[in-house]
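Here is the structure we will look at, set down as C-alpha cells.
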Amino acid sequence: MDASAHPSVDTSVAHNARVWNYWTGGTDHYEADRHVGEHVAGMFPVIREVARADRAFLGRAVRYLAAERGVRQFLDLDTGLPAGDNTHGIAQRVAPASRIVYVDHDPVVLAHARTLLAGGPEGATDYVEADVRDPDAIVRRAADTLDLSRPVAVMMLGILNFVLDADEARDIVRRFMAAVPSGSFLVLTHPTFDADLGGEGNVEAMRFWNENATPPITARGRAEVAAFFEGLDLLEPGLVPCSRWRAETDSPVAVPQFGAVAVKR
C-alpha cells in the first residue's frame, strides 16, 4: 500500500483492518501491520485460519440469506478492507436488485470501498462513515438506501470484540435490531477464549495486540456471545465455530471464532 495516498493515516501503528487484510493474503498493509501480524501469528498460529474461516462464513451466510430466505437488504457494519467476494457481490449475484450499505470509520477502508465496491446497476451500494458505537447515526444514513420497513440482514462480523464493555456491546446489538422490522437477521462472528475451541492462545496474543496495535480487542465465552442473540431466534446449527456454520465440507476444523445467524421475530 502506498502511504502517500493516505497522508492522514498513521502508518507506524498496526491497525486491525490492515492486519486482517495481511492475514487473508491481501496487499493493503504497511510494515507495522506486517510486523504485528507476524508476531501474533507466531504466538497464535491458528489466526490465519480464523481469518479465512470468518471470510468464508460471510460468503455462506450472505448466499443463504439471499437465496433461501429472500433477503434483499444488507447493512454491513465495520466492513474492513475489500478482499475477494464482498457482501454486495455475493448478494447481487443471487439477486441483482439487492441493496447494501457498508459502514466503517477507517479512512483507508472508506477510500478503498468507494473505489472497489461498486454494485450492479439493478441494485444499490452505499457507504457510511461512522462508528458502530453510534447506531442511531448509522441507521439514519442507511435509510437513504435501505427500506427499513422491510427485512434487513445486519452484518456484525468481528466487530463487537472491539467493544470492550459487554453491556455496551449488547446495547449496540439491541439498538440496531430495534431499528429493523420482524423478519430481519443478525449475522455475527466473535473470537473466544474457550479452551475447547483452542481459544486459550487468544489470551497472550490479544495482550500483545492491545500493547502494540489498534483498536484494542477482547474475546468472549460462549455464554457472553450467546447473549447478543437475546430475543432473537437462532437458525440451525446455532452458535458454533464459524468454520462449521452450514459448512460445505465434512468435519471442518473448529476455529476459536463463533459464528451464528438469527432472525428477529
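Qualifying GluC sites (Glu not before Pro) in region 216-265, where qualification requires a DSSP coil assignment and no more than 12 other C-beta atoms within 10 Å, comprise Glu230, Glu248.
Each peptide in 233-246, 146-159 was scored by the mean count of other Cβ atoms within 10 Å over its residues; highest first, the order is 146-159, 233-246. Backbone N atoms of region 35-75 closer than 18 Å to the 7 Å Cα→Cβ label point of Ser12 belong to residues 35-36.
If you stretched the chain out fully between Asp250 and Glu200, how much longer would it get, using 0.36 nm times the residue separation minus the C-alpha to C-alpha distance?
Details: separation 50, 0.36 × 50 = 18.00 nm, distance 2.53 nm.
Extra length available between Asp250 and Glu200 comes to 15.5 nm.
What residues of region 222-262 lie in the reach of a label at Glu168, counting those whose backbone N is under 20 Å from a point 7 Å from the Cα along Cα→Cβ? Label zone hits: 224-229. Rounded to whole Å, the principal axis extents of the Cα atoms in the chain read 45, 44, 36, largest first. Annotation for Leu148 and His39: the two label points, set 7 Å from Cα along the Cα-Cβ direction, are 4.2 nm apart.
Were the residues from Ala226 through Ala178 laid out at 0.36 nm apart, the gain over their Cα-Cα distance would be 15.5 nm. Per residue, the average separation of C-alpha pairs within less than 8 Å and at least 6 apart gives the chain a relative contact order of 18 percent.
With an a/c value of 1.5 or above and a/b not larger than b/c for the gyration tensor axes a ≥ b ≥ c computed over the alpha-carbon atoms, region 206-265 is described as oblate. For the chain, the residue among Trp209, Val139, Val40 whose Cα projects farthest onto the positive side of the dipole built from Cβ charges is Val139.
Let me know the charge dipole size of region 11-264 about its Cα centre in debye, to the nearest 20, where only the beta-carbon of Lys, Arg (+1) and Asp, Glu (-1) is charged.
That gives a dipole near 680 debye.
Taking amide hydrogens as placed 1.01 Å from N in the peptide plane, the amide H of Leu157 sits under 5 Å from those of Leu77, Thr189, each at least 5 positions away in sequence or on another chain.
Here, each number is a calculation from the coordinates, and none is a lab measurement. Treat the numbers as computed from the prediction; the structure is a model and nothing was measured. Cβ atoms come from the backbone with ideal geometry, glycine included; neighbour counts cover every protein chain shown.
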